[in-house]
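Asks: After the structure tokens below, expect a handful of questions from me.
The values are calculated or read from the model by the stated rules, or taken from the named source; none is laboratory data. All values reported here derive from a predicted model rather than from experimental measurement. All Cβ positions, glycine included, derive from the backbone under ideal geometry; neighbour counts span all protein chains shown. Ligands, DNA and RNA are excluded from the accessible area calculation, which covers all protein heavy atoms including side chains. Shrake-Rupley method; radii C 1.70, N 1.55, O 1.52, S 1.80 Å.
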Amino acid sequence: GQNIDQPTEMTATEGAIVQINCTYQTSGFNGLFWYQQHAGEAPTFLSYNVLDGLEEKGRFSSFLSRSKGYSYLLLKELQMKDSASYLCAVRSGNTPLVFGKGTRLSVIA
Amino acid sequence: AAGVIQSPRHLIKEKRETATLKCYPIPRHDTVYWYQQGPGQDPQFLISFYEKMQSDKGSIPDRFSAQQFSDYHSELNMSSLELGDSALYFCASSLGSFSSYNEQFFGPGTRLTVL
């Protein structure tokens with residue numbers, strides 16, 4: 001099975017930078033995804049990492065270290081609309097995604 | 001761009017009734033996934049189909065069944081509904097099997113309330 005851990009809640013200030021960590025334990029690692037989900041809405045894809053290193057996409061970046069079973073999502077220049085849950089999801093082999101419980105981010109003025 | 005379509009968006013049923021949820025994937029996507037998300041919970045994988053065949057099975061109760069049709073749309077059939085079945089049900093679609101990178105695009109979800 002897979003064990004995915006992320007902080008339950010985080011608070012950050014508008015315009016700041018926030019890093020959301022995700023640790024996982026799995027066999028046959030085959031990719032890590034980050035999704036954003038606003039309350040009552042569908043998850044939307046943010047990033048995908050399968051090799052070690054940093055993937056940058058606008059204000060959002062995601063980092064992966066396979067040897068450490070660790071990833072983080074970095075959000076820069078925070079905006080109020082970034083208040084949402086951020087889900088880390090891991091795929092092992094050919095199995096479907098397993099989601100972490102999500103980190104609820106609150107952006108305050 | 002076309003997205004995943006789910007219907008109905010909201011559904012209210014009573015205990016022991018049945019419900020059918022429909023999912024229309026993005027055109028040319030051949031893989032459909034069903035997830036259940038309870039209040040404050042993460043999405044839990046239920047079942048998936050690739051090219052109209054069941055490709056994987058997660059925590060789907062025996063009371064539920066699903067299939068993917070020739071036009072790639074999928075239906076989730078839920079019988080003997082229980083109060084605990086109240087949740088958001090998401091359908092996601094992707095192109096390709098699990099063996100290749102395939103971003104899953106989620107539909108807007110169906111909110112099922114069982115009274």
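Asks: Can we say A:Ser92 is hydroxyl-bearing (Ser, Thr, Tyr) and more than 14 Å from chain B (Cβ to nearest Cβ)?
Replies: no
Asks: For region B:84-99, does any single residue satisfy the condition of being among the hydroxyl-bearing types (Ser, Thr, Tyr) and open to solvent by 40 Å² or more (accessible area, probe 1.4 Å)?
Replies: Yes, the conditions are met somewhere in region B:84-99.
Asks: Based on what the data block shows, is B:Leu81 more than 14 Å from every other protein chain (Cβ to nearest Cβ), open to solvent by less than 40 Å² (accessible area, probe 1.4 Å), of a type outside the set (Ser, Thr, Tyr) and touching an Asp or Glu at 6+ places or on another chain (Cβ under 7 Å)? So that I can check it myself, show each step before the final result.
Replies: Numbers: more than 14 Å from every other protein chain (Cβ to nearest Cβ): yes; open to solvent by less than 40 Å² (accessible area, probe 1.4 Å): yes; of a type outside the set (Ser, Thr, Tyr): yes; touching an Asp or Glu at 6+ places or on another chain (Cβ under 7 Å): yes.
The answer is yes for B:Leu81.
Asks: Starting from region B:69-82, keep only residues that are closer than 14 Å to B:Pro27 by Cβ and without any contact (Cβ under 8 Å) to a residue 40 or more places away in the chain, then list their pairs with residues that are part of a strand (DSSP E or B) and open to solvent by 60 Å² or more (accessible area, probe 1.4 Å) whose Cβ atoms are within a distance under 9 Å, requiring at least 6 positions of separation or different chains.
Replies: The qualifying pairs are B:Asp71/B:Tyr24.
Every residue, every condition in (1) aromatic (Phe, Trp, Tyr); (2) modelled with pLDDT of 95 or more; (3) outside any loop (DSSP other than H, G, I, E, B), yes or no:
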| residue | (1), (2), (3) |
| --- | --- |
| A:Lys68 | no, yes, no |
| A:Ser71 | no, yes, yes |
| A:Glu77 | no, yes, no |
| A:Val90 | no, no, yes |
| A:Asn94 | no, no, no |
| A:Leu105 | no, yes, yes |
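Asks: Another question, then. Return only the number of the condition from (1) hydrophobic (A, V, I, L, M, F, W, C); (2) in contact with a strand residue (DSSP E or B) (Cβ under 6 Å, 6 or more places away or on another chain); (3) open to solvent by 40 Å² or more (accessible area, probe 1.4 Å) that A:Leu51 does not satisfy.
Replies: All conditions are met except number (2).
Asks: Can you name the number of the only condition in (1) surrounded by 17 or more Cβ atoms within 10 Å (Cβ to Cβ); (2) in a loop (DSSP other than H, G, I, E, B); (3) at pLDDT 95 or above that A:Ala42 fails?
Replies: Going through the list (1) surrounded by 17 or more Cβ atoms within 10 Å (Cβ to Cβ); (2) in a loop (DSSP other than H, G, I, E, B); (3) at pLDDT 95 or above, A:Ala42 breaks only (3).
Asks: Tell me yes or no: at least one residue of region B:30-47 is over 15 Å from A:Pro96 (Cβ atoms), touching a residue at least 40 places away in the same chain (Cβ under 8 Å), open to solvent by less than 50 Å² (accessible area, probe 1.4 Å) and within 12 Å of chain A (Cβ to nearest Cβ).
Replies: The answer is yes; a qualifying residue exists.
Asks: Here's something else I'd like to know. Determine whether B:Ser70 is hydroxyl-bearing (Ser, Thr, Tyr) and either surrounded by 13 or more Cβ atoms within 10 Å (Cβ to Cβ) or within 13 Å of another protein chain (Cβ to nearest Cβ) (or both). Spell out the reasoning first.
Replies: Numbers: hydroxyl-bearing (Ser, Thr, Tyr): yes; either surrounded by 13 or more Cβ atoms within 10 Å (Cβ to Cβ) or within 13 Å of another protein chain (Cβ to nearest Cβ) (or both): no.
In short, no.
Asks: Looking at (1) assigned to a loop (DSSP other than H, G, I, E, B); (2) in contact with a Leu (Cβ under 7 Å, 6 or more places away or on another chain); (3) at pLDDT 90 or above; (4) under 23 Å from A:Gly31 (Cβ atoms), find the lone condition where B:Ser59 falls short.
Replies: (3)
Asks: OK, next. Quick check on this structure: which one of A:Thr95, A:Thr13 is more than 16 Å from the chain's Cα centre (by Cα), more than 28 Å from B:Asp56 (Cβ to Cβ) and surrounded by fewer than 20 Cβ atoms within 10 Å (Cβ to Cβ)?
Replies: A:Thr13
Asks: So, one more: Mind listing just one residue for me: the one in region A:24-36 that is assigned to a strand (DSSP E or B), within 14 Å of another protein chain (Cβ to nearest Cβ) and in contact with a Gly (Cβ under 7 Å, 6 or more places away or on another chain) and, of those, most open to solvent (accessible area, probe 1.4 Å)?
Replies: Among those residues, the one meeting the criterion is A:Asn30.
Asks: Does any residue in region A:32-58 that is under 17 Å from B:Gln104 (Cα atoms) come within less than 7 Å, Cβ to Cβ, of a residue that is of a type in the set (Val, Ile, Thr) and crowded, with 20+ Cβ neighbours inside 10 Å six or more places away or on a different chain, and which pairs are these?
Replies: A:Leu32/A:Val90
Asks: Another question about this same structure. Let me spell it out: the conditions are (1) within 13 Å of the chain's Cα centre (by Cα); (2) open to solvent by less than 30 Å² (accessible area, probe 1.4 Å); (3) farther than 12 Å from A:Cys88 by Cα; (4) touching a residue at least 24 places away in the same chain (Cβ under 8 Å), and A:Ser61 meets all of them except one. Which number is the exception?
Replies: It is condition (4) that A:Ser61 fails.
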